[in-house]
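The values are calculated or read from the model by the stated rules, or taken from the named source; none is laboratory data. Worth saying up front: this structure is predicted, and the values here are computed from it rather than measured. Backbone-built Cβ (ideal geometry, glycine too); neighbour counts: all protein chains shown.
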Protein chains: 2
Amino acid sequence: MRAAIFRQGEIVVDTMPEPVPGSGQVLVKTLACGICGSDLHARKHAHRLAAIAARIPGRKPMDPSRDVVFGHEFCCEIIDHGPGTQKRFKAGTRVCALPALLTPTGPQGIGYSNENVGGYAERMLLSEPLLLEVPNGLPPEHAALTEPLAVGVHAVEKARVQGGEVPLVIGCGPVGLAVIAALKIKGLHPIIAADYSPARRALAERLGADVVIDPAHTQPYASWAEHAAMSAEEKAARPPWQSFQPALKPALIFECVGVPGLIQQIFEGAPRDARVIVVGVCMESDHAEPLLGIIKELNIQYVYAYTPEEFAASLRLIAEGQVDAASMVTAQVGIDGVAQAFEDLANPERHTKIIVEPWR
Amino acid sequence: MRAAIFRQGEIVVDTMPEPVPGSGQVLVKTLACGICGSDLHARKHAHRLAAIAARIPGRKPMDPSRDVVFGHEFCCEIIDHGPGTQKRFKAGTRVCALPALLTPTGPQGIGYSNENVGGYAERMLLSEPLLLEVPNGLPPEHAALTEPLAVGVHAVEKARVQGGEVPLVIGCGPVGLAVIAALKIKGLHPIIAADYSPARRALAERLGADVVIDPAHTQPYASWAEHAAMSAEEKAARPPWQSFQPALKPALIFECVGVPGLIQQIFEGAPRDARVIVVGVCMESDHAEPLLGIIKELNIQYVYAYTPEEFAASLRLIAEGQVDAASMVTAQVGIDGVAQAFEDLANPERHTKIIVEPWR
């Protein structure tokens, strides 16, 4: 079969052996697979990523000197069932699944693995127990957005929302947009979002942001503070020793950029007692001045991935039209277009989410 | 009056004008004042500390080029009442207070201020509304430990303990010891504590640590994991997708060292989903690899100071004998001994808490 393969730091098109389903596995045709910012990061920082993953017990990192097929945001169609399957869904059924294969020694990742082919290939293997049927009629390129939406849903879950917080989303790439969509569903308002790109800000509004900010012209934290002023009742309810502090509602800051220096920016700009949810995946070493975080008593919640329940909920949200997933998709390419798509995604004005359709 | 003054990076003894109580203030005789690790840090990093504090709205940083009298862990005796006071406590009453002066424009710190003299002086000013009477008979050198204990009490409050967590305290200086004491009162067990110093480990046991570790010989996180194994019921209650992860109780890691590199060590060593409470005050720029924190979904809570309620509770805990405060005090010195005490505190085998008694 054909695949766009990460090989020695580049994305190349080549043929590779057909996958053969093992026990409990199904062979699927990849209908659609989103390109994730992490794939771009992983291509650039593959060795660093592998070195760090190797230091975490229980994780088997990819070896970047060997072939890898990326792609962990997929929607597929069942072709065949391996041994020991229950055939819950018949051939032809469209399915999503979180990007993992169940094995006797534990789950293994799909998409950053030398063994488990990701969605930039014509066919791949999935574990039957993880399959979710795509509700009738949802196009595969929208169902493929389940995974990135689940990242946002999970981030908002981990934010421990109690009601009354005012969220600020830093960065409106696919991760930031997913966070905005999840915040809207949670009912938190106003949702304030910042991005340098006009196209991304327009998308942020479409997905639920109430206020969008261009950090080149408006200081995001100043704008946040304008929208986070306490009511007279909230002011009166504060303990007396807080009466000299700014009367602001609790801050939820979502870091959805993932480059070095962002945490320091948040340390500088965040109000006291802010809860910071780090959703952007910074793969480099980072620096910050902890004293700022200490004096402000900031809370930093690093988040990663999602639970199976959050993943299933995300597919439902898209299928029910509660999240306007379609608006994120800016291009659809075949296997031959993956390498160029990696380049094109550098321009936020042109692209947000490019979907790979390996059958094209 | 005489004072040990921070002047141009050094601690020198000199005379200075008698403080005169303003509206709502009382003049007090300093009976006892602990030397805090932050004072040692502040002496070394005064300019950096001032520069960072200047960037936080609402804070008036000290100017390290002008005289400062440190000392924010004090027990005093009332000498005289200023205008506009209610004379709640008569002259001669022993009092503690959190280190702040109330002013019409908000609270100002005591101890890192060019205006407000701290406890390394014979006399100082306090705000009457903040005074807490020292319960009868508690020696001033023990009442002076209220402030550092409050730091530990606050850190444990901010840890959002739900029961069932297993705490690991990294560093058993006064801050770590206060955290251990507060954890013991909270009823969390086993309390695991790590320090290179045998003297500090002995103190940690005395204050409530159940397991003490010398990191030179035992990996703290490996030892923590041994004591954090889930029961069979806890194992069975996990969601199925967690069944391949190590069956460990939730981790609460208290960082009580406050030097660069500690957060990275925690990123490396901490188990998945650990809640990290940063109590040590790192005044330098720090670096870390966020990807480790991300993949493990760590939560970092920076903490600073305490509430008035926590401060009052800490004084009660010492007075009621629930915390063996006396065990922390390793020396008592006069004003002339402060400079040498700053040097001596570098050796954890010899000293934990040195109390300044300016009347000596």
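Numerical summary
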read-out	value
Single residue of B:THR15, B:THR30, B:THR85, B:THR103 found to be under 22 Å from the mean Cα position of the chain (by Cα) and polar (S, T, N, Q)	B:THR30
Subset tally (residues that are surrounded by fewer than 16 Cβ atoms within 10 Å (Cβ to Cβ) and among the hydroxyl-bearing types (Ser, Thr, Tyr)) for segment B:7-53	2
Hits in segment A:46-73 (condition: within 11 Å of chain B (Cβ to nearest Cβ) and either in contact with a Leu (Cβ under 9 Å, 6 or more places away or on another chain) or among the hydroxyl-bearing types (Ser, Thr, Tyr) (or both))	A:ARG48, A:LEU49, A:ILE52, A:ALA53, A:ARG55, A:ILE56, A:PRO61
Top-ranked residue of segment A:243-277 - restricted to ones that are in a helix (DSSP H, G or I) and touching a Cys at 6+ places or on another chain (Cβ under 9 Å), ranked as nearest to the other protein chains (Cβ to nearest Cβ)	A:ILE263
Qualifying residues in segment B:204-231 (those that are in contact with a helix residue (DSSP H, G or I) (Cβ under 6 Å, 6 or more places away or on another chain) and in a helix (DSSP H, G or I)) - the one surrounded by the most Cβ atoms within 10 Å (Cβ to Cβ)	B:ALA204
Residue count for segment B:161-203, restricted to those that are of a type in the set (A, V, I, L, M, F, W, C) and closer than 17 Å to B:ALA325 by Cα	13
Subset tally (residues that are more than 7 Å from every other protein chain (Cβ to nearest Cβ) and either crowded, with 20+ Cβ neighbours inside 10 Å or of a type in the set (D, E, K, R) (or both)) for segment A:302-311	4
Any pair with Cβ under 6 angstrom, 6 or more apart, that starts in segment A:288-301 at a residue that is closer than 20 Å to B:GLU297 by Cα and within 7 Å of chain B (Cβ to nearest Cβ) and ends at one that is part of a strand (DSSP E or B) and at pLDDT below 95	A:PRO290/B:ASP286
Qualifying position, being in contact with a strand residue (DSSP E or B) (Cβ under 9 Å, 6 or more places away or on another chain) and closer than 26 Å to B:ALA159 by Cβ, among A:ILE180, A:ILE277, A:ILE191, A:ILE213	A:ILE277
Sole exception among (1) crowded, with 18+ Cβ neighbours inside 10 Å; (2) in contact (Cβ under 8 Å) with a residue 12 or more places away in the chain for A:GLY334, by number	(1)
Candidates A:VAL134, A:VAL161, A:VAL117, A:VAL151, filtered to the one that is within 14 Å of another protein chain (Cβ to nearest Cβ), touching a residue at least 24 places away in the same chain (Cβ under 8 Å) and of a type in the set (Val, Ile, Thr)	A:VAL151
Lone unmet requirement of (1) more than 17 Å from A:GLU255 (Cα to Cα); (2) more than 7 Å from chain B (Cβ to nearest Cβ) for A:GLY280	(1)
Scan of segment B:106-129 for residues that are over 19 Å from the mean Cα position of the chain (by Cα) and either closer than 14 Å to B:VAL28 by Cβ or of a type in the set (S, T, N, Q) (or both), ordered by number	B:ASN114, B:ASN116, B:VAL117, B:ALA121, B:GLU122, B:ARG123, B:MET124, B:LEU125, B:LEU126, B:SER127, B:GLU128
